[in-house]
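What follows is a set of notes on a single structure, which appears directly below.
Computed from the coordinates by the stated procedures, all read-outs in this text should not be read as laboratory data. Keep in mind it's a predicted model, so treat the numbers as computed, not measured. All Cβ positions, even for glycine, are placed from backbone atoms using ideal geometry, and neighbour counts span all protein chains on display.
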Amino acid sequence: MADQTARGDLGKESEPDKEAPEREVEPREKWANNMEFILSMAGEIIGLGNVWRFPYLCFKNGGGVFFIPYLVFLFCCGIPVFFLETALGQYTSEGGVTAWRKICPMFEGVGIASQVIVVYLNIYYIVVLAWAIFYLINSFISPLPWSTCDNWWNSDLCHRHLSMSGNPHLLRADNWSSLNITVSDYSDNFTYFNETDHLLMIKSPEEEFWIKRVLRMSTDMSLGQVHWDLALCLLAAWVICYFCIWKGIKSTGKVVYFTATFPYVMLIILFFRGVTLPGAGEGLKYYLTPDFSKISDPDVWRDAGTQVFFSYAVCQGVLTALGSYNKYNNNCYRDCLALCCLNSATSIFAGFAVFSVLGFMAQDLGLSMQEVAASGPGLAFIVYPRALSLLPGSSFWAVLFFLMILLLGLDSQFVCVESLATALTDLFPRQLRRPGAREILVLVIAAICFLLGLPLITEGGIIIFQLVDTYGPSGTSLLIIACFETVVIAWVYGADRFYDNIEDMIGYRPFPVLKYCWLFVTPLICVITLLYDLSQTRPLVVYGHKLSTWGNTVGTLLIIAPLICIPAFILVSLCRNPQNRTTPSSDLRQARPDKPVLKLGKRIIFKAQRPPVKNMDEGIEKMLMEDSSSV
């Protein structure tokens with residue numbers, strides 16, 4: 001009662017009917033320390049793409065030359081949007097939806113669109129973890145089940161690879177030919193063929209284990225039955241994910257100390273093992289040797305932009321959600337720059353670990369680097385396991401590798417779930433900030449996503465997986481969302497006003513170039529990349545099966561679903577409150593309300609919009625009370 005009386009005294013200026021609901025909402029949590037925030041962000045942005053996509057893109061797109069377009073997109077798009085979303089969350093102390101509602105009510109749909117992307121990720125990304133768990137369990141079997149052809153799932157076409165030193169005559173050009181790997185990121189078709197009189201389709205045991213034991217694809221690629229062992233692996237992945245975040249950031253902040261750091265330990269071990277193998281130098285040469293003729297290829301620039309957007313987890317609301325748990329005066333600018341450097345450095349370093357081992361594999365089997373390089377699941381579940389099986393103590397290295405894959409994907413997965421839970425909690429705080437509500441909410445999200453993920457582990461589930469992977473968090477959706485985010489902050493809310501907010505939080509103004517990236521550079525590059533990407537669309541082919549009209553229709557719907565939220569909520573805002581379409585919430589702290597909202601040089605584009613003093617004081621008081629509260 002004393003506490004309620006004290007609260008009542010503090011809120012005498014507020015109307016009683018507005019104060020009562022506020023008392024029912026529990027205060028929002030904050031990170032216990034800055035390291036929890038850093039590790040959570042690192043766990044989200046540093047994931048499977050750093051290991052199984054970036055190294056291959058370097059190799060494919062001119063080696064060291066690929067760093068040029070990659071760095072251009074990083075500094076012009078990646079870092080500006082990454083910092084924008086993180087600072088937005090810290091400033092508003094809101095999740096991925098309500099943060100945009102507070103900044104500009106008319107563009108709340110930008111936040112909704114991001115959450116639809118997160119829903120896609122929560123459904124299909126964890127299937128990769130189920131595969132990793134399946135491989136991890138089988139890694140304890142000696143010999144490794146994917147290294148032999150005498151298993152029940154192997155066909156007569158299966159032939160075990162032998163090292164050059166073990167049986168060199170089998171590797172002559174007249175007996176074996178190359179390993180044919182398609183350039184598709186996620187559909188790798190590995191086939192041995194005889195280049196003499198007739199074609200003889202020969203399958204490696206790693207490929208047959210992946211296709212016939214893990215995926216168990218049906219002949220007609222229909223969905224068929226759910227594989228119970230993969231379903232158990234998927235359930236195990238969700239159970240682990242649930243208990244990582246069920247208590248909110250109190251549990252998430254502790255779990256990331258392990259999940260975000262231990263993969264580095266394993267990556268370093270694999271790196272030192274790789275560079276000491278014979279042939280490692282040749283692999284690293286192919287990884288880094290620059291091919292300057294590639295620099296003029298538009299596809300190289302598109303690949304660089306796509307990699308930056310995916311690896312930095314922008315336009316998904318996740319960065320906003322994690323930033324919202326920061327204290328108001330946390331130096332998020334410094335943190336974001338450090339995290340971006342760490343992410344890119346990890347991608348480059350992972351390339352050394354991957355291509356040193358692939359160089360050894362190429363030399364041991366007498367193949368060229370072009371024949372063994374792969375991306376996506378083809379690298380993680382066929383090529384790299386094959387290379388590890390050639391090493392002494394192959395089971396140990398396989399366990400190490402798949403444990404790394406599991407942990408790299410795990411923290412990215414549960415942070416995505418955290419983002420969705422945060423957005424829903426902030427949308428319905430009175431219902432979802434009650435004791436026990438958090439645990440139930442995360443359980444409901446996990447159960448629904450688990451059930452929706454079951455079709456992806458059926459006999460034809462790989463088609464649905466690749467449909468969602470290609471068209472769900474597609475480059476088209478992310479580029480359009482990025483355009484809206486930068487335009488809304490820079491031109492509607494006001495880049496100078498946002499800079500004032502950031503200066504009020506961290507104590508100084510960020511590098512001025514960021515402002516002009518938000519205003520001009522980032523939207524322009526996104527639009528150019530989007531137009532080129534749309535002009536180069538190709539039909540999706542999954543293991544030799546070209547998708548029919550229904551596949552393209554489903555893909556189009558997956559792209560439209562998040563994007564339609566933006567104009568839909570603009571119309572809703574115009575109908576509900578046409579007078580308050582772009583006015584930010586009075587709860588937001590405005591340290592310099594008398595300054596112009598946007599200036600270009602000395603020219604004032606939008607004048608100051610000073611809020612009523614009473615509302616401003618109430619917003620400042622609320623922000624200070626939140627910062628002083630301990631969670």
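In table form, for the structure just shown:
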read-out: Inter-label distance, nm, simple model (7 Å from Cα along the C-beta direction), A338/F428; value: 3.8 nm
read-out: Gain in span if fully extended, Q579 to Y532, counting 0.36 nm per residue against the direct Cα distance; value: 13.1 nm
read-out: Gain on full stretching of the segment that runs from N33 to V226 - 0.36 nm per residue minus C-alpha separation; value: 65.2 nm
read-out: Links that overshoot a 22 Å alpha carbon limit, given the list K515/K599; K30/K595; K102/K602; K203/K285; K30/K102; value: K30/K595; K102/K602; K203/K285
read-out: Relative exposure of M505, M404, judged by other C-beta atoms within 10 Å (fewest first); value: M505, M404
read-out: Interchain or long-range residues, amide H under 5 Å from I605's placed H; value: L598, K599, L600
read-out: Spherically averaged projected area of region 28-137 from its Cα convex hull (nm²); value: 9.8 nm²
read-out: Neighbourhood net charge (11 Å Cβ-Cβ; Lys/Arg +1, Asp/Glu -1) for P69; value: -1
read-out: Anisotropy class of region 424-564 from Cα gyration tensor, a/c 1.5 cut; value: oblate
read-out: For region 376-480: rounded, prolate or oblate by the Cα gyration tensor [a/c cutoff 1.5]; value: prolate
read-out: Cα gyration tensor shape of region 368-430, rounded if a/c is under 1.5, else prolate or oblate by comparing a/b with b/c; value: oblate
read-out: Where a label projected 7 Å from the Cα of F606 along Cα→Cβ would reach, residues of region 559-578 with amide N under 15 Å; value: none
read-out: Between region 102-117 and region 441-464, the alpha-carbon center distance in angstrom; value: 25 Å
read-out: Centroid-to-centroid separation of region 356-411 and region 481-516 [C-alpha atoms, Å]; value: 43 Å
read-out: Convex hull per residue volume in Å³, alpha carbons only, for region 248-343; value: 143 Å³
read-out: Estimated FRET transfer efficiency when R0 is 22 angstrom, pair L71-K285 (beta carbons, to 0.05); value: 0.55
